[in-house]
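This report concerns only the one structure given below.
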Amino acid sequence: MTSPKIAVIYYSMYGHIRGMAHAAVEGAKAKGATVTLLQFAETLPQEVIAKMHGGPKDESVPIVKPNDLT
């Protein structure tokens with residue numbers, strides 16, 4: 001049996017969801033899945049993010065593209 005192939009795709013402004021996404025990746029890998037971690041692109045202007053006290057994006061996680069979903 002081949003291992004499942006999973007993409008965990010998240011958006012996180014403050015880092016909480018990013019932490020949950022990383023935990024989901026580790027859990028799936030522990031069960032033998034092949035996992036890709038991706039994030040959605042930011043759509044808000046930087047000045048809005050600053051007013052909301054949003055944190056920086058994790059530059060080590062690639063932005064999801066349509067081809068990643070096939």
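The values are calculated or read from the model by the stated rules, or taken from the named source; none is laboratory data. All figures in this text were calculated on a predicted structure; none of them were measured in a lab. Positions of Cβ are backbone-derived with ideal geometry, glycine not excepted, and every protein chain shown enters the neighbour counts. We work out accessible area using only protein heavy atoms, side chains counted, and drop any ligands, DNA or RNA first. Shrake-Rupley method; radii C 1.70, N 1.55, O 1.52, S 1.80 Å.
Simple spin-label estimate for F40 and D58 gives 1.6 nm between the two label positions (7 Å along the Cα-to-Cβ direction from each Cα). With the cut-off at under 17 Å, measuring from each backbone N in segment 15-38 to a point 7 Å along the Cα-to-Cβ line of T2 picks out 32-36.
Ligands, DNA and RNA are left out, and with a 1.4 angstrom probe the accessible area of segment 1-61 is 71 Å² per residue. Rounded to the nearest 20, the Cβ-based charge dipole of the chain about its Cα centre (Lys and Arg +1, Asp and Glu -1) stands at 220 debye. Tell me the carbon and sulfur percent of the accessible area for the chain, rounded to whole percent, probe radius 1.4 Å. Ligands and nucleic acids excluded, carbon and sulfur give 62 percent. Along its first, second and third principal axes, ordered by size, the chain spans 50, 24, 14 Å in Cα coordinates.
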